[in-house]
């Protein structure tokens, strides 16, 4: 009798949560199309709270043949760090993720992803906003362009962002501006995301929707 491989599923309270849009029959390798729509998830947390590790681990659940997992790195400085983090998750594989650098035009990158992309992790949206401030770009225009593409995404998207408003009020005006812009945009993202998760000491806390 054909059976369904549930390795690519998450179980919550005896309910099946599909990670991919396709199920496999272990007897005939037949593909069964599902109606699951792409999910947008926001991961919030402080430095070293476990945001990236949680996101990358979730992305590993998307592993259909000839598909890609994309990480959008929002600064050159983060590329090596992101590469090291992604490889540390599974030391047997060096090509788990395709890393794309984009420190400004994330909307363009989302629009032009490879057709076989299943999931995108954006690491880190707060760094992206900091780049925009540093380069005196029109932040509202950039935010709106990104949000427009985000809600039309055909892939699962996980957005990593920093919680910058929980500490001491910064004395530096630049740091205040980054905190304020990041905090405001986090609210916009949370409003449209299916899932919002706060990472604390490596543990995910559900704020909206489901855990990943």
Modelled FRET efficiency - R0 22 Å, residue 100 with residue 65, Cβ distances, 0.05 increments: 0.55
Label-point separation, residue 206 to residue 188 (7 Å along Cα→Cβ), nm: 2.9
Would you give the gap between the C-alpha center of region 46-68 and the C-alpha center of region 97-155, rounded to a whole Å? 17
By counting other Cβ atoms within 10 Å of each Cβ, how are 69, 179 ranked from fewest to most? 179, 69
List 74, 98 from most exposed to least, where exposure is judged by having the fewest other Cβ atoms within 10 Å. 98, 74
Simple spin-label model, 7 Å along Cα-to-Cβ: residue 175 to residue 147 in nm? 2.8
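Taking Cα pairs under 8 Å and at least six residues apart, what relative contact order does region 37-208 come out at, in percent?
37
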In region 37-208, if every C-alpha pair distance is counted and binned at 10 Å from zero, what percent goes to each bin? 10, 40, 38, 11, 1, 0
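Every number here is computed from the coordinates shown, using simple stated rules; none is lab data. In this text, all values refer to a predicted model and were calculated from it rather than measured experimentally. Note: ideal-geometry Cβ built from the backbone for every residue, glycine included; neighbour counts use all protein chains shown.
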